[in-house]
Amino acid sequence: MPARRLLFVNATRVTAYHWLPSGPKEEASFAANEPGLSAFRDYLRERSASLFYLLADLAEEGFQVDELPHVQGNDRRELIKRKLAQYYYGTPLSLALSLGRSKKGRRDEKFLFAGLLGVSQIEPWLQAMRETEARLAGIHSMPFVIAALVGKLPAATERILVISASSAGLRQSFFENGQLRFSRLTAMATDRSDLIATTCASEAGKIYQYLAGQRLISRDQPLQVLVLAHAGQRADLTRNLPDTPERQVQFADIGELARQQGLAEPPADARGDRFYLHLLMRQTPHQQFAPAEDRRFYRLWQARHALTIVSATVFGACLLLAGGQMLRLSELSDRNAQVRLDVETGQRRYDDLMRGLPPIDISRDSLRDLTDRYRVLARRSAGPEPLLRHLGHALDQAPRVELTRVDWRLDDGGAHDPRADAAQSQGATKGGSHALLDIQARLPAAMALDHRGQIEAVNAFTGLLSTGEIQVRVISRPFEQESGKAIRSSDATGEIEPPKFNLRVMQAL
Amino acid sequence: MRDITRLRWPLFLLAMAMVTGVAMIMASRQQVDAAEAAHRQLVAKQGDLRARLGRAREEEVELRERIALLAELRTSGVIGQEERLDWVEQISRIKARRRLLDVQYELSPQHPVDDALLPGGPLAGEHEFMSSTMSLRMTLLHEDDLLGFLDELRRAVHAHLLVRECVIDRSAPPPGAPGLAGQLRSACTIEWITLRERKP
C-alpha cells in the first residue's frame with residue numbers, strides 16, 4: 001500500500017501531512033504564491049507514489065437542500081448534474097448528497113447540494129497536482145468531516161449547531177437528524193480563548209437568527225450548540241458563552257475525542273487541523289468534490305493496483321492448484337516406488353525359482369506357443385488306427401457284416417472343408433475336431449428277404465460300434481421302415497442282392 | 001483509451017500470471033496423469049507377478065514339460081530341415097520288409113500348414129509349421145498292412161506325420177470272404193510336418 005498524504009487547504013496556504021495510523025505528521029507548508037506553488041510541485045514530484053487526500057477548509061462554500069423526482073441510472077446522474085450546474089455554475093467542485101426520500105407526496109428524493117465556490121483558491125494547487133500527475137484520491141471539505149463525527153457525539157440532538165475551530169477560522173455547522181444542512185466559516189486571526197468564546201457567542205446568535213428565518217428551527221425553543229474545544233479553554237468558553245433563552249451550550253473536549261479516534265498526539269489547542277485530518281482518514285466520506293479528470297491518476301493507480309492483485313490472485317490460485325497436483329504427484333511417486341520395489345523383489349524371487357530350469361534358446365512365450373500348437377497338432381495325429389481297430393473288434397462280434405469300403409478322414413469342425421459341413425448336417429458336432437469313418441457294408445444275401453433280421457443285424461452292429469466317446473449314425477439301412485421312405489418288392493428277375501447299409505462313426509479328438 | 005498504455009505493464013503482468021499459472025497447472029496435471037498411468041501399470045504388473053509367484057511351482061513343472069517336448073522335437077528332427085531322401089529310403093525299406101504289393105506316392109512341395117490342419121495358422125513364436133502333403137496309394141492284403149506301414153513310417157522318419165484321410169476299398173471282392181481279407185486298395189493323404197525357424 002503506497003503512503004497516504006493529506007493536504008490541508010485554507011485560504012492562505014496548503015499544509016502537507018504524512019498520514020500514519022497514529023495520526024497525521026506535518027511535512028511541509030506552502031504559501032499561496034508562486035514560490036509556494038513551486039515548492040509544492042517539488043514536494044509532489046518527490047512523493048509521486050503517494051496517494052493524496054485534500055481537505056479544504058474555505059469560507060466560500062454553498063449548501064442547498066432540494067428535492068428531485070426519484071429516478072435511477074443515467075436519468076438520475078443527468079438530473080443531479082443539471083441541478084449542480086444550476087446551483088454551482090462555474091465550479092467543477094460540487095457534490096450531491098442524498099438525504100433520503102420524502103415521506104409525503106410522490107416521495108421525491110431529498111438532496112444536499114454542496115459546492116466549493118472558492119475555486120480560485122484551490123485551482124492553483126490542483127493545477128500543480130495535474131502537472132505532477134499526483135494521485136489525488138479526493139477533495140473533501142471540513143463540514144462533511146465534522147458530519148462523520150456528529151453521529152458519535154453523545155450530546156447530539158435532533159437539531160444541533162456544532163462550532164469547531166481550525167487554522168482557517170471558526171466553523172459553524174448545522175445538523176438536522178445527524179445530516180449536514182448548512183455550514184459557514186468565520187475567519188479568525190487569534191487563538192485566545194476569550195476572543196474565541198466571544199466570536200462563538202456572536203456567530204451563534206447570527207446563525208440562530210438565520211435558521212429561525214429559514215424556519216429550520218422554532219423560535220420558542222433554544223438552539224442546541226455544541227462547541228468542540230480544548231479542555232484548557234473550557235473555563236473561558238463557559239464564562240463567555242453562557243446559556244441563554246436562544247441557546248443551550250454544551251462543550252466536547254477535542255483532546256478526548258481525538259484520543260477516542262486513535263490520534264496519538266491530541267491537539268494542543270482548539271484548532272484541530274490534525275484531528276480533522278485524522279478523522280478524514282479514519283472515516284473518509286463517500287462523497288467528495290474532485291471531478292473525474294482530477295482523479296485520473298488515482299484511478300490509474302487503482303486500476304494498476306487491482307490488476308496487480310488480480311495477477312497475484314490468479315498466480316496464487318494456479319500455484320495452489322499446481323501445488324496440490326505436485327503433492328498428489330509426490331504421493332503417487334512414493335507409492336510407485338513402493339510398488340516398483342515390490343515388483344522387483346517379486347521378479348527376483350520368480351527368477352530364482354525359474355533359474356533351475358534347463359536353458360533354452362527361445363523365449364518362454366515362444367516355447368509356450370510352439371508346444372501348445374504342437375500339442376493341438378499331435379492330438380489330431382492319431383490317424384485311422386484307433387477307429388479301424390475299434391471297427392475290427394466290432395466285426396469280430398458281427399460275423400454276418402461284410403465291409404465293402406471304409407473312408408476315414410479328419411474333420412476340423414466345418415470351417416474349411418465342404419465335406420465337413422455335410423458331415424455336420426449328418427451328425428458331427430460343429431466347433432471341434434473329429435475323426436470320421438464312413439462305412440459301407442453289406443449283409444449276407446441269404447438275409448435279403450429277412451427284413452426284420454436285417455434291421456436287427458444293423459442295430460446290433462451299430463450297438464457294438466457305439467461307446468461313450470464314439471457316436472454312430474446310420475446313413476442308410478438295407479430296409480427302410482420309416483413312413484417317409486418308399487418300399488419296393490424284390491427284383492422281378494429273381495436276382496437277390498446282398499442287403500447294404502452305410503454308417504458314419506465319429507470320434508471327438 | 002489513452003490510459004491503456006499506462007496500464008500495459010500490469011496487463012502484461014496479468015497475462016504472464018495467467019499463462020504461467022495455466023502452464024504450471026497443465027504441466028503438473030500431465031505429470032500426475034503420467035504417474036497415475038505408471039501406477040496402474042505397476043499395480044497390474046504387481047498383480048500379475050503375485051499370481052505367477054502363486055503358481056510358480058506348477059509353472060516350473062509345466063515349463064519343464066514344455067522344454068522336454070522341445071528337446072524331443074529337436075531330437076526327432078521335427079524341428080529342422082526336411083530330409084526327403086531319408087523319407088524315400090525309409091518308405092522303400094518298410095515296403096521291402098513288409099513285402100507290400102504296391103506302394104505309390106507323390107510328395108508335393110513344402111508349404112506352411114493351413115488353418116484347416118492347424119487352427120490359427122502356421123506361426124508359432126519363433127517357428128513356423130511347414131508341411132509336405134503326400135498322396136499314398138497302396139495295394140493291401142489286409143488292413144493291418146496299412147496300419148503297420150503307417151506306424152513304422154511314423155517312428156522311422158524325422159518328421160511329424162498327420163494322416164488326413166484314408167480310403168480302403170475292395171479291388172475284387174471274393175464272394176463270401178470275411179472282413180477286408182483279399183485284395184484291398186487304399187488311398188491316403190498324409191501331411192509330413194516339420195518346424196522351421198522364422199527368419200527375423
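Here are some notes:
- Being surrounded by 18 or more Cβ atoms within 10 Å (Cβ to Cβ) and outside the structural domain of A:Q260 (by TED's automatic domain parsing) is a description that applies to A:F113.
- Test: residue in segment B:189-198 that is at pLDDT below 90 and either more than 8 Å from chain A (Cβ to nearest Cβ) or farther than 23 Å from B:Q90 by Cα (or both): yes
- The residue of segment A:410-448 that is nearest to B:I190 (Cα to Cα), among those that are at pLDDT below 50 and basic (K, R), is A:R419.
- You will find that of A:L332, A:L341, the residue that is surrounded by fewer than 17 Cβ atoms within 10 Å (Cβ to Cβ), without any contact (Cβ under 8 Å) to a residue 24 or more places away in the chain and not small (G, A, S) is A:L341 and no other.
- Scanning segment A:368-385 for residues that are touching a residue at least 24 places away in the same chain (Cβ under 8 Å) and loosely packed, with under 15 Cβ neighbours inside 10 Å yields one hit, A:R379.
- Residue within segment A:321-336 that is within 14 Å of another protein chain (Cβ to nearest Cβ), more than 19 Å from B:M24 (Cβ to Cβ) and polar (S, T, N, Q) present: yes
Here is a yes/no grid of residues against (1) surrounded by 16 or more Cβ atoms within 10 Å (Cβ to Cβ); (2) modelled with pLDDT of 85 or more; (3) touching a helix residue (DSSP H, G or I) at 6+ places or on another chain (Cβ under 7 Å):
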residue: B:D115; (1), (2), (3): no, yes, no
residue: B:A124; (1), (2), (3): yes, yes, yes
residue: B:M138; (1), (2), (3): yes, yes, yes
residue: B:H142; (1), (2), (3): no, no, no
residue: B:R155; (1), (2), (3): no, yes, no
residue: B:L162; (1), (2), (3): yes, yes, yes
residue: B:Q183; (1), (2), (3): no, no, no
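- Selection count where residues are in contact (Cβ under 8 Å) with a residue 24 or more places away in the chain and over 39 Å from the mean Cα position of the chain (by Cα), scope segment A:70-100: 9
- Here A:D352, A:D365 are screened, and the one residue that is more than 7 Å from chain B (Cβ to nearest Cβ) and either part of a loop (DSSP other than H, G, I, E, B) or surrounded by fewer than 17 Cβ atoms within 10 Å (Cβ to Cβ) (or both) is A:D352.
- Exactly one residue among A:F52, A:F40, A:F63, A:F8 is closer than 30 Å to A:R106 by Cβ, in contact (Cβ under 8 Å) with a residue 24 or more places away in the chain and not polar (S, T, N, Q), and that residue is A:F63.
- Meets criteria (within 14 Å of chain B (Cβ to nearest Cβ), surrounded by fewer than 17 Cβ atoms within 10 Å (Cβ to Cβ) and aliphatic (A, V, I, L, M)) for A:A303: yes
- Among the residues listed as B:L70, B:L146, the single one being buried (at least 16 other Cβ atoms within 10 Å of the Cβ), within 13 Å of another protein chain (Cβ to nearest Cβ), under 16 Å from the mean Cα position of the chain (by Cα) and outside any loop (DSSP other than H, G, I, E, B): B:L70
- Answer from A:A59, A:A85, A:A28 - the residue that is part of a loop (DSSP other than H, G, I, E, B) and surrounded by fewer than 20 Cβ atoms within 10 Å (Cβ to Cβ): A:A59
- Residues that are closer than 25 Å to A:L377 by Cα and within 10 Å of another protein chain (Cβ to nearest Cβ) do occur in segment B:106-114, at least one of them.
- Residue within segment A:272-288 that is modelled with pLDDT under 95, within 14 Å of chain B (Cβ to nearest Cβ) and assigned to a helix (DSSP H, G or I) present: no
- Search result, residues across segment B:32-52 that are modelled with pLDDT of 90 or more and within 7 Å of chain A (Cβ to nearest Cβ): B:V32, B:A35, B:E36, B:A38, B:H39, B:L42, B:V43, B:K45, B:Q46, B:L49, B:R50
- Subset of segment A:137-181 [in a loop (DSSP other than H, G, I, E, B), in contact (Cβ under 8 Å) with a residue 24 or more places away in the chain and among the polar types (S, T, N, Q)]: A:T157, A:S167
- Whichever residue in segment B:121-130 is assigned to a loop (DSSP other than H, G, I, E, B) and more than 7 Å from chain A (Cβ to nearest Cβ) and, among such residues, is farthest from the chain's Cα centre (by Cα): B:G121
- No other residue among B:R57, B:R29 is at the interface with chain A (Cβ under 9 Å from one of its Cβ atoms) and loosely packed, with under 12 Cβ neighbours inside 10 Å apart from B:R57.
- Pairs where the first residue, in segment B:49-70, is more than 20 Å from B:H127 (Cα to Cα) and the second is of a type in the set (S, T, N, Q) and modelled with pLDDT of 90 or more, C-beta under 7 Å, 6+ apart: B:L49/A:Q347
- Test result for A:R45, farther than 25 Å from A:T186 by Cα, surrounded by 17 or more Cβ atoms within 10 Å (Cβ to Cβ), in contact (Cβ under 8 Å) with a residue 12 or more places away in the chain and not small (G, A, S): no
The values are calculated or read from the model by the stated rules, or taken from the named source; none is laboratory data. Keep in mind it's a predicted model, so treat the numbers as computed, not measured. As a convention, Cβ positions derive from the backbone with ideal geometry for all residues, glycine included, and neighbour counts pool all protein chains shown.
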